[in-house]
Structures are given as structure tokens and as C-alpha cells.
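Undergrad: The structure follows.
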Amino acid sequence: MRIVLLISFLSSSLLANQESLVWITPQCLSRSSTNSVYLMKDKQGFFALDKSTHQVKRIEPYNVSEPLRSMSVEELTEAFSHGYIKISENEQGDFYLEFIARLAGGGVGGTAVGAYTGKFVVHFVSHTTIGLIAWFTGPAAPFTAASLEATFITTIEAASNVGALIGGLIGGLFTGPV
């Protein structure tokens, strides 16, 4: 009952110039923000509805990050496909809004290809280097190759895991969601 009255109050007092009020859904807010606040925006600015006290607080423009401050309602709606809003509150109860852009990436296919490529490159370079070193030893080449492989196999495997990690991160970043 209180929320219905609050919504009707908001629609009559805040939106006297016939602007539509936009409720910002919890999916567009940071996870820690969604527990206690509903966020609204109209042409005049941002408002926070505290879920526990059911009070509406105007968020002053200087407490809103620059990208959010200058966005229209339409631009804000489009921006949520590229980021979310982080809400923080200080001891006095003032809210601060910050737009956090999501990084591109996260493609599963690119991550897998990048990981296998990174691992392969490290193994290829390492074993080729061992083969070249062994080749220069002449007739002792098979023994040199075997001893170098036995000596460095754990180091090569650890390095290839790092190569797989780096390759997977790069591949996932460049491919995006698949």
C-alpha cells in the first residue's frame, strides 16, 4: 500500500512536466546495491527509494558520476547493455552513483582456442630449443635431448600452463560472448 501511494505521489509531484519516470531494474545495479534501494530517473535527475524506510531521496547531481549525469533517459537505457550502476551510501545517508562499464570479452570459444594455442606455443618453443641444443652436441644428441627433457619437463609444463592462461585471457577478451 505504501509503495502504491509513493508511486502516485512521485508521478504527480516529480513529473509535472509529463516526463516518464524510469525505474532502473536490479539487473542494472551492482549486486551490493540491490539489497536496499530502488533507483529511479526522470528529466530532473536520479531518485533513490529506500526499501527499508520507503523514503524517496533525491540524489544530488554532484553525487552522480559525469557519464550518468549527462545521459538522457534513452541514452541510459541503451547504456545498460554496456555497464551497470554502482550505488554507495555514506554515513549521512547520501547516495553516490557511478556508472561501471563492462569489459568486452568472455567468449568460450575464443578462450579455449587461446588456451590451447598458448600451451602449444610454449611447448613448441621449449622442445624445439631442446632439439636444437641436442643437435649441436653431435653424436651425443639423443642422450642430450633425453637428459634436457628429463631436467626441464616440469618447468616446461608449468610455463605452458601460464601460456595457456594468458592465451585464454587474450582469446576470451577478443572474441566476446559467443
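Undergrad: Consider Ile87 against the criteria (1) over 30 Å from Glu66 (Cα atoms); (2) under 22 Å from the mean Cα position of the chain (by Cα); (3) hydrophobic (A, V, I, L, M, F, W, C): it satisfies all of them except one. Which criterion is unmet?
TA: (1)
Undergrad: A further question on this structure: Report yes if Gly107 is at pLDDT 85 or above and over 30 Å from Lys41 (Cβ atoms), otherwise no.
TA: No; evaluated as a whole, the condition is false for this residue.
Table: residues versus (1) touching a Phe, Trp or Tyr at 6+ places or on another chain (Cβ under 9 Å); (2) surrounded by 12 or more Cβ atoms within 10 Å (Cβ to Cβ); (3) part of a helix (DSSP H, G or I).
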| position | (1), (2), (3) |
| --- | --- |
| Phe46 | yes, yes, no |
| Glu75 | no, no, yes |
| Glu78 | no, no, yes |
| Ile87 | yes, yes, no |
| Tyr96 | no, yes, no |
| Ala112 | no, yes, yes |
| Val121 | no, yes, yes |
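Undergrad: For the stretch 128-176, what are the residues that are aromatic (Phe, Trp, Tyr), assigned to a helix (DSSP H, G or I) and farther than 30 Å from Ala112 by Cβ?
TA: Trp135, Phe143, listed by residue number.
Undergrad: Tell me, yes or no, whether the stretch 142-156 has at least one residue that is assigned by TED's automatic domain parsing to the domain that holds Arg58, free of Cβ contacts under 8 Å to residues at least 12 places away in the same chain and either within 30 Å of Pro67 (Cβ to Cβ) or of a type outside the set (Ser, Thr, Tyr) (or both).
TA: no
Undergrad: Is it fair to say Ser160 is touching a helix residue (DSSP H, G or I) at 6+ places or on another chain (Cβ under 7 Å) and of a type outside the set (Phe, Trp, Tyr)?
TA: Criteria met by Ser160.
Undergrad: What is the residue count in the stretch 90-134 for residues that are more than 15 Å from Ala164 (Cα to Cα), among the β-branched types (Val, Ile, Thr) and under 17 Å from the mean Cα position of the chain (by Cα)?
TA: So the answer is 1.
Undergrad: Sticking with this structure for a sec: Look through Leu148, Leu165, Leu132 and report the one residue that is over 30 Å from Lys57 (Cα atoms), among the aliphatic types (A, V, I, L, M) and in contact with a Gly (Cβ under 8 Å, 6 or more places away or on another chain).
TA: Of Leu148, Leu165, Leu132, the one residue that is over 30 Å from Lys57 (Cα atoms), among the aliphatic types (A, V, I, L, M) and in contact with a Gly (Cβ under 8 Å, 6 or more places away or on another chain) is Leu165.
The values are calculated or read from the model by the stated rules, or taken from the named source; none is laboratory data. Quick caveat: nothing in here was measured; it's all calculated off a predicted structure. Neighbour counts run over all protein chains shown; Cβ positions are idealised from the backbone, glycine included.
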